[in-house]
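The values are calculated or read from the model by the stated rules, or taken from the named source; none is laboratory data. Everything numeric here is computed off the predicted structure, so don't read it as measured data. Please note: Cβ atoms are built from the backbone with ideal geometry, for glycine as well, and neighbour counts cover all protein chains shown. We work out accessible area using only protein heavy atoms, side chains counted, and drop any ligands, DNA or RNA first. Shrake-Rupley method; radii C 1.70, N 1.55, O 1.52, S 1.80 Å.
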Amino acid sequence: GVACCAPVLDDRVTMDFFKGGAAPPEPSGPSALDVAKTDAWQFQDEFQRLSLSCFKKCVSAQKHPYTEADLSLGEMQCVDRCVAKYVQTKKELLETHNRVYTAAQNQAE
């Protein structure tokens, strides 16, 4: 049998390469793994920004000296509204960016 995960090569491309033919085409652009890593990093970065922003706004050390294990009702409501506004703002920014980018692409054609 074939070993697990062994690369599968097209015999024609391999033979052409060894006979002096063209080398197999190089993949263009980032790999799927690179894209996944970038997406994960961006998600983590965005989540951290959201967390810090809403925590600073809603959970003040002066109002809440961290003596309670749980957030108060007011703090929870504030965090809920803050997250909703943050996500909505990011969505609107992305939509605007996409509209502007598409318009620029159409003008370039």
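At-a-glance table
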item: Residue tally, condition open to solvent by 100 Å² or more (accessible area, probe 1.4 Å), of a type in the set (Gly, Ala, Ser) and closer than 18 Å to residue 43 by Cα, over the range 65-109; result: 0
item: Output for the range 63-81, where each listed residue is at pLDDT below 95 and either within 21 Å of the chain's Cα centre (by Cα) or basic (Lys, Arg) (or both); result: 63
item: Which numbered condition residue 53 misses (of (1) open to solvent by less than 80 Å² (accessible area, probe 1.4 Å); (2) free of Cβ contacts under 8 Å to residues at least 24 places away in the same chain; (3) under 24 Å from the mean Cα position of the chain (by Cα)); result: (2)
item: Residue 10, sole failed condition from (1) exposed (fewer than 10 other Cβ atoms within 10 Å of the Cβ); (2) at pLDDT 90 or above; result: (2)
